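For reference, the structure is listed below as structure tokens.
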Amino acid sequence: MKILVTVKRIPDPDESLKFAGNAIDTSSSKWVANAFDEYAVETALRMAEHIGNKDRLAEVIVCSVCPKDKRQHVTQFLAMGADRGVIVDADETAMDSQTVAKLVAEVFRREGCDLLVSGKLSQDSEGNEVAQRAAGLLDLPQASFAATLRWDRGANALTVGREVDDGVETKTIPLPAVVSVDLRIVLPHSVKNGATADDHKYSDGARLASLRGITMAKRKKVDVHTPAALGVTPSSHVAVAGVTAPEKRAAGQIVDSAQTLVNKLITEAKVL
Amino acid sequence: MGARCYHRFVPAPRSPYYTEDHEALRSTVRRFVEREVVPHIDQWERDGALPRALYLAAGEIGLLGLGFPEEYGGTPGDQFAQFVATEELCRAGSGGLVASLMSHGIGMPPVARLGSPQLKAQVLPPVLRGEKIAALAITEPSGGSDVANLRTRARLDGDHWVVDGSKTLITSGMQADYITTAVRTGGEGMEGVSLLVIPGDAPGLSRTPLQKMGWWCSDTATLYFEDCRVPVGNLVGMVNQGFAAIMSNFNGERLGIAAVAIGMAQVCYDEAVAYARQRETFGRPLITRQVIRHKLVDMAQDIGATRAYLEAIAWRVDRGQWPIAEVCMLKNQATQCLEHCAKEAVQILGGAGYVLGAKVERIYRETKVLSIGGGAEEIMKDLASRQLGL
């Protein structure tokens, strides 16, 4: 079993936005890993490891489209426990989601992977597209926004709980497949792999890279490809019409009763 | 998700001293603190102790093994790694947390350096995994820095040392499972001092807790030894050769105290800036007042200079030097920096900084332990003056 996990670097969402002309100025940004990709890596690691046993049930490969010398986020995921990395050396900020999806799909094919796991979106552009596009390009079944996941190794299939507007939809898909994960996939009992005891309680959230993991990460193999070597021409069919800061939030009000609140929502906010 | 940090005035990644690995370590420890410490620290302060589960969690990510040999479960790390880890632990705003969780950082280095292979194999792995707690016991009711005149005695009786005496102000003293203890095994003076690892369950050991001005979550204790029997194998290094080991250990402890002081001073600055931006007085945010901005700049200047001093010394220590005079002066510089920053932070927060629960209130109470512990300010000046040949 080979699991490919897409990971992306993004400007630190906790930093204040700076603007330069009609764009966000990231020249002095601190780049960090996309949080949803941490959940994706955590999902893959929970699938791969057999708690209480040293066997690994899967190889976890992290894949990022980024300049090859800007790989700290990849190293971070190797420190978390991923087995190796693949970098597609390119300026991802100049690409649209379709190009990124083509690159990911090609890496998936060449590696002969069985499962693609992605975060549901990246926190910078919030596009929520790459996993779905890659599934289309690979012609594979997909389950997006996974909140729970059970791997049935005998049937070579995944049962995925998807949080949708009116509840939880449960979907069983055969492998190979594509899954994008939501926040709740890293709750203590969200992932079952059929080997680790079903009642095993993982820590809440993605695991922290251990100091030993940080030391070992630099020794793990990372292959670097160019888009040309993967047969993909970087392009973007998306034109930016404008970039503006969100409006500043007005001061809140404290109301003395639910009735007053409802009245204000009707008469002032006009949302009811 | 980390806290907003736009007001941090020293972007550490741009410093020549720090690598990607240091930043990865910073990220791990920061998130450990946010996840495992911040939600509980106020309760632990009230409890007067840290839970053992915290040591296990810290052991799991390798934090307790930082700087210790790999063969015993440690992870190599330079002085900058130690500083990064300390600085991030400080973000919880509790010196007691750093002192107790990392008390093995003063208790175990002599064992790692000088202990027999059997002693290391017995003691180090469970401590670095967080299963056991370690402490260092030097100070006695009759004196702290005057190690050459310590009174706790150990006499050989068959295959055991028999210890009589007492130690006080021992960090992690109530919970410690292994206590690296300075004892007199020979005649008067520095030539008669040895180090023994005394198990927490050794017969003849009793403990009483100490109530303190600060470091509330650190279980500080007075220890009493009455015919306390300790296996001979628990001797650290050679008999009567403990004085040099203790003095050498003080250097690391003092560098660590300086790191804590700088980390806490940074918290004071961050808290004061955040409050000054949000707090309005007479219709304007406090930070628009020149008098407040000047206070903040003075704090930033003090922290920046002290951090640079520490980094310069850390760089030398990583190259095998131990500039003792500089370490003494750094400890004083750093603790004075903290006293300045804590005082100004409480002043800027005003009433909000005087109320229990504010980080700066706690840090303000914890300034004195740093300028006294590990060698008081006056002792540091005396030692520095001797080292400088004055």
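Odds and ends about this structure:
- One residue alone among B:Gly351, B:Gly320 is at positive phi and surrounded by fewer than 24 Cβ atoms within 10 Å (Cβ to Cβ), and that residue is B:Gly320.
- So B:Ala274, is it surrounded by fewer than 14 Cβ atoms within 10 Å (Cβ to Cβ) and not polar (S, T, N, Q): no
- The set of residues in region A:223-270 being in a loop (DSSP other than H, G, I, E, B) and under 30 Å from A:Val60 (Cα atoms) consists of A:Thr226, A:Pro227, A:Ala228, A:Ala229, A:Leu230, A:Gly231, A:Val232, A:Thr233, A:Pro234, A:Ser235, A:Ser236.
- Pairing each residue of region B:31-53 that is not assigned by TED's automatic domain parsing to the domain that holds B:Ile170 with any residue that is of a type in the set (Asp, Glu) and part of a helix (DSSP H, G or I), provided the two are 6+ apart or on different chains, yields C-beta distances under 7 Å for B:Val33/B:Glu88.
- Counted residues, region B:276-313 - those being within 12 Å of B:Cys341 (Cα to Cα) and not in a helix (DSSP H, G or I): 0
- For B:Met174: the one exception among (1) modelled with pLDDT under 95; (2) in a loop (DSSP other than H, G, I, E, B): (1)
- Selection status of A:Asp182, touching an Asp or Glu at 6+ places or on another chain (Cβ under 8 Å), closer than 14 Å to A:Phe145 by Cβ, more than 14 Å from chain B (Cβ to nearest Cβ) and not basic (Lys, Arg): yes
- Hey, B:Ser248 over 21 Å from the mean Cα position of the chain (by Cα), among the hydroxyl-bearing types (Ser, Thr, Tyr) and surrounded by fewer than 18 Cβ atoms within 10 Å (Cβ to Cβ) or not: no
One line per residue, one yes/no per condition, for (1) free of Cβ contacts under 8 Å to residues at least 40 places away in the same chain; (2) more than 13 Å from every other protein chain (Cβ to nearest Cβ); (3) among the acidic types (Asp, Glu):
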position	(1), (2), (3)
A:Lys30	yes, no, no
A:Phe36	no, no, no
A:Ala58	no, yes, no
A:Val65	no, yes, no
A:Val74	no, no, no
A:Arg84	no, yes, no
A:Val104	no, yes, no
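- Region B:97-112: number of residues that are outside any loop (DSSP other than H, G, I, E, B) and touching a Leu at 6+ places or on another chain (Cβ under 8 Å): 10
- Residue among A:Ser257, A:Ser203 that is without any contact (Cβ under 8 Å) to a residue 60 or more places away in the chain, of a type in the set (S, T, N, Q) and within 14 Å of chain B (Cβ to nearest Cβ): A:Ser203
- Checking the stated criteria, A:Asp89 turns out to be out of contact with any helix residue (DSSP H, G or I) (no Cβ under 8 Å at 6 or more places or on another chain), surrounded by fewer than 24 Cβ atoms within 10 Å (Cβ to Cβ) and either modelled with pLDDT under 95 or under 28 Å from B:Glu20 (Cα atoms) (or both).
- Some residue of region A:132-148 being within 14 Å of another protein chain (Cβ to nearest Cβ), surrounded by 15 or more Cβ atoms within 10 Å (Cβ to Cβ) and part of a loop (DSSP other than H, G, I, E, B): no
- For region B:145-160, the candidate set comprises residues that are small (Gly, Ala, Ser) and either in a loop (DSSP other than H, G, I, E, B) or within 15 Å of B:Gly375 (Cα to Cα) (or both); within that set, the residue that is modelled with the highest pLDDT is B:Gly158.
- Residues of region A:51-66 satisfying the condition of being at negative phi and at pLDDT below 95: A:Ile51, A:Asn53, A:Lys54, A:Asp55, A:Arg56
- Qualifying residue in region B:126-145 (condition: closer than 27 Å to B:Thr75 by Cβ and of a type in the set (Asp, Glu)): yes
- Any chance B:Leu169 is outside the structural domain of B:Ala342 (by TED's automatic domain parsing), modelled with pLDDT of 95 or more and not basic (Lys, Arg): no
- Sole exception among (1) within 14 Å of chain B (Cβ to nearest Cβ); (2) exposed (fewer than 14 other Cβ atoms within 10 Å of the Cβ) for A:Ala23, by number: (1)
- Scan of region A:242-271 for residues that are more than 30 Å from A:Gly21 (Cα to Cα), exposed (fewer than 10 other Cβ atoms within 10 Å of the Cβ) and hydrophobic (A, V, I, L, M, F, W, C), ordered by number: A:Ile254, A:Ala258, A:Ala269, A:Val271
- Matching residues, region B:73-119, being in contact with a strand residue (DSSP E or B) (Cβ under 9 Å, 6 or more places away or on another chain) and free of Cβ contacts under 8 Å to residues at least 12 places away in the same chain: B:Pro76
- When B:Arg46, B:Arg30, B:Arg8, B:Arg26 are checked against the criterion of being at pLDDT below 90, more than 9 Å from chain A (Cβ to nearest Cβ) and either closer than 19 Å to B:Cys268 by Cβ or assigned to a helix (DSSP H, G or I) (or both), B:Arg8 stands alone in meeting it.
- Condition check for B:Ser371: surrounded by fewer than 23 Cβ atoms within 10 Å (Cβ to Cβ) and more than 16 Å from B:Val260 (Cα to Cα): no
- Under the condition of being within 14 Å of chain A (Cβ to nearest Cβ) and in a helix (DSSP H, G or I), the residues counted in region B:49-63 number 8.
The values are calculated or read from the model by the stated rules, or taken from the named source; none is laboratory data. Everything numeric in this text was worked out from a predicted model, so none of it was measured. Every residue, glycine among them, receives a Cβ derived from its backbone with ideal geometry; neighbour counts consider all protein chains shown.
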